[in-house]
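Scroll down for the structure; my scribbles are underneath it.
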Amino acid sequence: HMKSFFVKPVLMSSAVCLHFSETAQAPKFDVPLKPLTVTLGETLNLQCHVSGSPPLTIQWMKDRKELTSGENTIITFVGGTASLELRPVSETDAGDYLCKATNASGSDFCKSKVTVKGKLIPLSCWIGFKVFENNI
């Protein structure tokens, strides 16, 4: 009987600890995506940070289509930071991006509008054009 008296508080304290660790937290983006403008041919890097109980499943989508890692697409999820990298960026990479995090307790998402701008024409070309234009 004495033995059970000493075991009981240990079981109770570990049960309390387990109770807190098993209170699963639904995903929540505490650092959401931001709108981004990137230059044609450069690297697009979207990042957001999510908190929530593991395991978390991260899903990236562009214009409602799921993205996967491939030749020009790198998707990572390390220490709560979800990253999407596209290189080199083309005109077709412009659009609405969504990052979704899911676990057993629920899901959350954040969005970003990505704009791709053309490369600037060097100033020397413009000067040459102006000189040519004036001679017409």
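The values are calculated or read from the model by the stated rules, or taken from the named source; none is laboratory data. Quick caveat, the model's predicted, so the values are computed rather than measured. Please note: Cβ atoms are built from the backbone with ideal geometry, for glycine as well, and neighbour counts cover all protein chains shown. Accessible surface areas use protein heavy atoms only, side chains included; no ligands, DNA or RNA. Shrake-Rupley method; radii C 1.70, N 1.55, O 1.52, S 1.80 Å.
Tabulated data for the structure shown
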item: Segment 78-92, residues that are in a strand (DSSP E or B) and in contact with an Asp or Glu (Cβ under 6 Å, 6 or more places away or on another chain); result: 86
item: Single residue of segment 72-122 satisfying the filter (more than 15 Å from residue 60 (Cβ to Cβ) and aliphatic (A, V, I, L, M)) that is least open to solvent (accessible area, probe 1.4 Å); result: 89
item: Inter-residue pairs, beta-carbon under 8 Å, first closer than 12 Å to residue 97 by Cβ and in contact (Cβ under 8 Å) with a residue 24 or more places away in the chain and in segment 32-58, second among the hydroxyl-bearing types (Ser, Thr, Tyr) and part of a loop (DSSP other than H, G, I, E, B), 6+ apart; result: none
item: Strands (runs of 3 or more DSSP E) fully within segment 7-70 counting 2 or more residues that are more than 16 Å from residue 82 (Cα to Cα) and at pLDDT 95 or above; result: 36-39
